[in-house]
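The numbers here are math on the coordinates, done by the rules we state, and not lab data. Keep in mind the model is a prediction, meaning the values are calculated, not measured. Using ideal geometry, Cβ is built from the backbone for each residue, glycine included, and neighbour counts are taken over all protein chains shown.
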Amino acid sequence: MNIIPNIKDFYNYILPIYSPQNKIPVKGYGSKIWVQDGSEYIDFAGGIAVNALGHSNPTLISALKEQADKIWHLSNLYTNEPALCLAKKLVQKTFADKVFFCSSGAEANEAALKLARRYAYNFFGSQKNIIISFKRSFHGRTLFTVNVGGKKKYSKGFGPAPIGIIHAEFNNINSVRKLINNYTCAVIIEPIQGEGGINVAKHYFLEEVHYLCKKYNALLIFDEVQCGMGRIGKLFTYMHYNIKPDIITLAKSIGCGFPLAAMLTTNNIGKVFSLGVHGSTYGGNPLACAVGNTAFDIISSNEVLSGVEKKHELFKNHIKRINLEFDIFKEIRGIGLLIGIELNKNYINRGRDILKLAFENGLMLLNAGNNVLRLAPSLIISNEEIEEGMKRFYKTIKIFKKNN
């Protein structure tokens, strides 16, 4: 007899590094989720900007099933058709010439940072090794990427940190000017900070960062793990700013829930990664790339990309109306379907309380710090799902306001 798992099993058997909701999802379709007891939820979280095409997308399922009948895994002693097809599509749609596949955003960023260090070492010498990142940024959980990230709470307590990492103030070009010099090998930045609070980089700021990188022969890395792949209504965020970085990293939406990530760069930079210098066990996995190919074709369509801005306005108008009635939000920010809602001074650090209350009312939300609510739904969420989700959000805020 099969024993159905319950939430107690999480605390009994899984490391306590997460704090999940007390109900276990078992099925999803579109932007709806059902838990074990049959209750239905509207999903505005999207697996933290992963499920760009919703849950159980029939086209993605077909692609996965078709590939599952062919070949699952080979290792990089061989290549495979899905990986080659996806790499070609990525190159044709971007500034890049070469692609490195891996399995997660942290792995993609680790590869990008190693590539930048190697490039500087080969062309300028070992002394050019400083990496500039930004406060409140997030680039992954490896020992290297967690220290490159700008949140001390994630990096403290793990012993000696990798050297040569400094942090500037986001959207403060003078802060960057004070730090960058001939010893800088790379600047890594999220054009829209996700975990840091949905902070959108100003055009002027990124243009000046780009100029300074060129001036000091430092590589500019755009971490588009969360904001790339159609999330803002452009296929990639660098296109919104009309700035070509030297390297971009992708994950989350590129696999739409199947573990897949990529680092993209030019021939001139990529050539320093010679045979055996770097690798990834599951990089370019046929199953992952089969899903990635199909996801890319859908997300890159004009229909999906043009719909993102329309959906943004629908969300924004609902949030504004709710705030007119309850006066709880300080600011709405973000682009496309990466939306941040900052709480005002009367409700500082109450974001997690609202998340919990929203779940109790049939809505899945995210936070970006304790003071910002984050929405990162499917790019193809229907207007009906948005309307229903916003009814539940209204109810959540009404109850929260009444009790506070």
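Enumerate the calculated ³J(HN,Hα) couplings along region 29-43 in order (Karplus 6.51 cos²θ - 1.76 cosθ + 1.60, θ = phi - 60°), each rounded to whole Hz, writing x wherever the residue is Gly or Pro.
For region 29-43, the Karplus-derived couplings read 8, x, 10, 10, 10, 10, 9, 4, 8, x, 5, 9, 10, 8, 9 Hz, x marking Gly and Pro.
Counting alpha carbon pairs within less than 8 Å and at least 6 residues apart, what relative contact order, in whole percent, applies to region 70-299?
30
Got a sec? How would Val291, Val26, Val176, Val148 order by Cβ neighbour count within 10 Å, fewest to most?
Placing the least packed residue first, the sequence is Val26, Val176, Val291, Val148.
If you place +1 on the Cβ of every Lys and Arg, -1 on the Cβ of every Asp and Glu, and leave all else neutral, what size is the dipole of the chain about its Cα centre, to the nearest 20 Debye?
Dipole about the Cα centre, nearest 20: 1160 debye.
Find, among the chymotrypsin sites (Phe, Trp or Tyr not before Pro) in region 154-197, those assigned to loop by DSSP (not H, G, I, E, B) with at most 13 other beta-carbon atoms within 10 angstrom.
For chymotrypsin sites (Phe, Trp or Tyr not before Pro) across region 154-197 that sit outside H, G, I, E and B with at most 13 neighbouring Cβ atoms in 10 Å, the list reads Phe158.
Given the chain, what percent of its DSSP beta bridges are antiparallel, to the nearest 5?
Within the chain, antiparallel bridges account for around 65 percent of the total.
Quick check on the exposure proxy: order Met390, Met239, Met229 from fewest to most C-beta atoms within 10 angstrom.
Lowest count first: Met239, Met390, Met229.
Go from 0 up to the bin containing the longest alpha carbon distance in the chain, width 10 Å each, and give me the % of pairs per bin.
Each 10 Å bin holds this share of Cα pairs: 5, 22, 31, 27, 13, 3, 0.
Return the calculated 222 nm mean residue ellipticity for the chain, to the nearest 500 deg cm²/dmol, obtained by summing -39500 (n - 2.57) across DSSP H runs with n ≥ 4 and dividing by the residue count.
Roughly -12000 deg cm²/dmol at 222 nm, from the helical runs in the chain.
From zero outward in steps of 5 Å, how is the percent of C-alpha pairs of region 275-393 spread across the bins?
It works out to 2, 10, 17, 19, 15, 11, 10, 8, 5, 3, 1, 0, 0, in whole percents.
Normalised by the residues of the chain, what does the relative contact order come to in percent, with Cα pairs under 8 Å and at least six apart?
22
Separation between the Asn346 and Ile17 pseudo-spin-labels, each 7 Å from Cα along Cα→Cβ, expressed in nm?
Those two pseudo-labels are separated by 4.0 nm.
What does the charge dipole of region 273-380 about its Cα centre add up to, to the nearest 20 debye, if the Cβ of each Lys and Arg holds +1 and the Cβ of each Asp and Glu holds -1?
For region 273-380, the charge dipole is close to 320 debye.
About the Cα centre, and with charges only on the beta carbon of Lys, Arg (+1) and Asp, Glu (-1), how big is the dipole of region 70-299? Nearest 20 debye, please.
In total the dipole reaches around 420 debye.
Please list, in order along region 8-16, the HN-Hα scalar couplings obtained from phi with the Karplus expression 6.51 cos²θ - 1.76 cosθ + 1.60 (θ = phi - 60°), rounded to whole Hz, x for Gly and Pro.
Those phi angles translate into 4, 4, 4, 6, 7, 10, 10, 3, x Hz.
For region 175-254, take the convex hull of the Cα atoms, compute a quarter of its surface area, and give me that in nm², please.
Quarter of the Cα hull surface area: 5.1 nm².
Give the Kirkwood hydrodynamic radius (Å, one decimal) of region 90-205, defined as one over the mean of 1/r across all pairs of different Cα atoms.
15.1
Extending each Cα 7 Å along its Cβ direction at Asn6 and Tyr154, get the distance between those two points in nm, one decimal.
3.5
Around Val26, which amide H atoms from residues at least 5 apart in sequence, or from another chain, sit under 5 Å from its own amide H, with H modelled in the peptide plane?
Here Trp34, Val35, Gln36 satisfy the definition.
Describe numerically, in nm with one decimal, the distance between label points set 7 Å from Cα along Cα→Cβ at Ile166 and at Lys356.
Inter-label distance under the simple model: 4.2 nm.
Work from the charge dipole of the chain (Cβ charges, +1 for Lys and Arg, -1 for Asp and Glu, about the Cα centre) and give the residue of Gly149, Val99, Gly194 farthest towards its positive end.
Result: Gly149, furthest along the dipole toward the positive end.
Ratio of alpha-carbon Rg to the 2.2 N^0.38 Å globular estimate for region 4-119, to two decimals, please.
Cα Rg divided by the expected 2.2 N^0.38 Å: 1.41.
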